[in-house]
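**Q** Take a look at the following structure, please.
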Amino acid sequence: MSTKKWSIDPSHSEIQFKVKHLVISTVTGSFDEFSGEATTPENTFEGGEIAVKINATSINTNNAQRDGHLKSADFFETEGHPEINIKTTSIKKIDDDEYAIVADVTMRGVTKAIEFKAEYGGTANDAYGNTKVGLEVKGKLNRKDFGLNWNAVVEGGGLTVSEEVKLIANLQFIQQ
């Protein structure tokens, strides 16, 4: 069976996260620096492999003070753990444009299997003749599973930051 090799086109891709703050609103952040590659069977992601490396120090929530706190030992501890790695262990086709993905996510030296849902956006050629493919990936994780334990109790007993973190990646791959 022939395979195709792909690389993430970072200028047409984004990796975001969403987390509840004070249980009343959602803060959205992103990682500005990442790379990745995929190997796929000829015309599907099913049975393929995707690997993504995220520069944890590139975290961006549009608030420098919060970003500094997220880089500290309370959260990502980027000085000792500058990368977040994601590597698929299973990609299964659900229907024409939906996939179920299981990936090992490694953060702060801890690796956990996380389930994701992915929507295939299609394949197109750009103005330069490059073949590109789009994939939107969504999942959830518990940040405490990775040692991101900091929190504070607010008046009334609620927590400042929820444990559940939603992940959203819109990835455009370019065929190599």
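The values are calculated or read from the model by the stated rules, or taken from the named source; none is laboratory data. Because the structure is predicted, anything quoted here is derived from the model rather than measured. Glycine also receives a Cβ, built like all others from the backbone with ideal geometry; neighbour counts cover every protein chain displayed.
**Q** List the strands (runs of 3 or more DSSP E) that sit entirely inside region 66-176 and contain at least 3 residues that are among the hydroxyl-bearing types (Ser, Thr, Tyr) and closer than 25 Å to Ser13 by Cα. Spell out how you get there, then give the answer.
**A** Working: elements: 83-95, 98-107, 110-125, 131-142, 161-175.
Once the strands (runs of 3 or more DSSP E) in region 66-176 are filtered for at least 3 residues that are among the hydroxyl-bearing types (Ser, Thr, Tyr) and closer than 25 Å to Ser13 by Cα, what remains is 83-95, 110-125.
**Q** Now for a different question. What pairs come out if I take residues in region 28-45 that are farther than 19 Å from Pro82 by Cα and pair them with residues that are hydroxyl-bearing (Ser, Thr, Tyr) and crowded, with 16+ Cβ neighbours inside 10 Å whose C-beta lies under 6 Å away, six or more apart or interchain?
**A** Phe45/Tyr99
**Q** What's the number of the only condition in (1) under 14 Å from the mean Cα position of the chain (by Cα); (2) within 24 Å of Thr44 (Cβ to Cβ) that Asn142 fails to meet?
**A** Every listed condition holds for Asn142 apart from (2).
**Q** Among the residues of region 92-135, count how many are over 18 Å from the mean Cα position of the chain (by Cα) and at positive phi.
**A** Summing the residues that are over 18 Å from the mean Cα position of the chain (by Cα) and at positive phi in region 92-135 gives 2.
**Q** For region 120-145, how many residues meet the condition of being of a type outside the set (Lys, Arg) and closer than 15 Å to Lys166 by Cβ? Break it down into steps so the answer makes sense when it comes.
**A** The initial filter retains those residues of region 120-145 that are of a type outside the set (Lys, Arg), namely 120-131, 133-137, 139, 141-142, 145.
Checking which are closer than 15 Å to Lys166 by Cβ leaves us with 136-137, 139, 141-142, 145.
Residues meeting the conditions: 6.
**Q** If you take the residues of region 1-45 that are small (Gly, Ala, Ser) and touching a strand residue (DSSP E or B) at 6+ places or on another chain (Cβ under 7 Å), which of them is modelled with the lowest pLDDT?
**A** The qualifying residue modelled with the lowest pLDDT is Gly29.
**Q** A follow-up question, please. What are the pairs, 6+ residues apart or on separate chains, where a residue within region 56-73 that is within 13 Å of Arg108 (Cβ to Cβ) and free of Cβ contacts under 8 Å to residues at least 24 places away in the same chain has its Cβ under 9 Å from a residue that is acidic (Asp, Glu) and in a helix (DSSP H, G or I)?
**A** none
**Q** Among the residues of region 55-79 satisfying the criterion of being aliphatic (A, V, I, L, M) and either in contact with a Gly (Cβ under 9 Å, 6 or more places away or on another chain) or modelled with pLDDT under 95 (or both), which is surrounded by the fewest Cβ atoms within 10 Å (Cβ to Cβ)?
**A** Of region 55-79, the ones aliphatic (A, V, I, L, M) are 56, 59, 64, 70, 73.
Filter once more, so that each one left must be either in contact with a Gly (Cβ under 9 Å, 6 or more places away or on another chain) or modelled with pLDDT under 95 (or both): 59, 70, 73.
Values: Ile59: 22, Leu70: 21, Ala73: 13.
Applying the filter and picking the extreme gives Ala73.
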